[in-house]
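Here's the structure we're looking at; comments come further down.
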Amino acid sequence: MIEQIKANQAVLSSRYTELERRVLQWFGRNPTKTMICLDWSSGLMYESLLLDGFLEPEDPDDEAKAMKMTWADEGDEALTSPSFSAPFGPRLLRLTAKGKALVDRVAAAEAVE
């Protein structure tokens, strides 16, 4: 069992950020919870959980509703292209069935792929 826990830690550490691993651990410690609130500004730190299908936005249109920050150089008009505009603020994310299965496998010390 200890060997499998270590193997799982190695797999998760190679694929996911510290924040992503903490999110998975949080769901493992709170098995009745299905949602978590993270900040948009940390999006790159939890992107793999979204891309791998373990988390999904509670609202599919959440990016359009997010607060936006724009940057401008002194004397210039605000730069509003997507490369100079970024969402920030709270983002509600749901643990998917695939994510729940991963959390359950880790908690049970079963192999994760």
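None of the figures in this text is laboratory data; all of them are computed from the coordinates on show. If you're wondering where the values come from, they're calculated on a predicted model, not measured in any experiment. FYI the Cβ positions are ideal-geometry reconstructions off the backbone, even for glycines, and counts take in every protein chain you see.
Table for the structure above
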| read-out | value |
| --- | --- |
| Selection within the range 94-113 - within 19 Å of Ile2 (Cβ to Cβ) and among the small types (Gly, Ala, Ser) | Ala107, Ala108, Ala109, Ala111 |
| Qualifying positions in the range 37-54 - more than 17 Å from Thr96 (Cα to Cα) and within 9 Å of the chain's Cα centre (by Cα) | Ser42, Gly43, Leu44, Met45 |
| First in the range 51-67 and touching a residue at least 12 places away in the same chain (Cβ under 8 Å) and on the phi > 0 side of the Ramachandran plot, second anywhere and aromatic (Phe, Trp, Tyr) and part of a loop (DSSP other than H, G, I, E, B), Cβ under 6 Å, 6 or more apart | none |
